[in-house]
Amino acid sequence: MNLTFQVMRIANDKVNFETDYNGFDRDGKLISILYLDNGKAIAYARYDSIGTLIDSFVHYYSVIDLATCEVTPLH
């Protein structure tokens, strides 16, 4: 099965999606974003340019405060 999806974003104080936003770039990509509660979401991402000996990618989770846009990586 081949799934295709697009992450869309609306800037603060705007009502339309940012047409030029790209959740995927040459350094990595967002894999999933899930709403947690209380205005927070968790993002799972891949950062390609760091690499590891295991699979040449670094995968990580971050909590995003949707009100302030503060991103806190989970270690």
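Coordinate-derived values only; no laboratory data. In this text the structure is predicted, and so the values were computed from the model without any measurement. Counting neighbours? That spans all protein chains shown, and the Cβs are built from the backbone with ideal geometry, glycine included.
For residue 74 and residue 12, the difference between the fully extended length at 0.36 nm per residue and the C-alpha to C-alpha distance is 19.9 nm. Computed extension gain for residue 33 through residue 66, at 0.36 nm per residue and net of the alpha carbon distance, reaches 10.7 nm.
The residues neighbouring residue 66, those whose beta-carbon lies less than 15 Å from its own, together hold a net charge of -1 under the Lys/Arg +1, Asp/Glu -1 convention. For residue 66, the residues whose amide H sits under 5 Å from its own are 40, 41, ignoring neighbours fewer than 5 places away on the same chain, with H placed 1.01 Å from N. Sorting the segments 65-75, 35-45, 10-20 by their mean number of nearby beta carbons within 10 angstrom, highest to lowest, gives 35-45, 65-75, 10-20.
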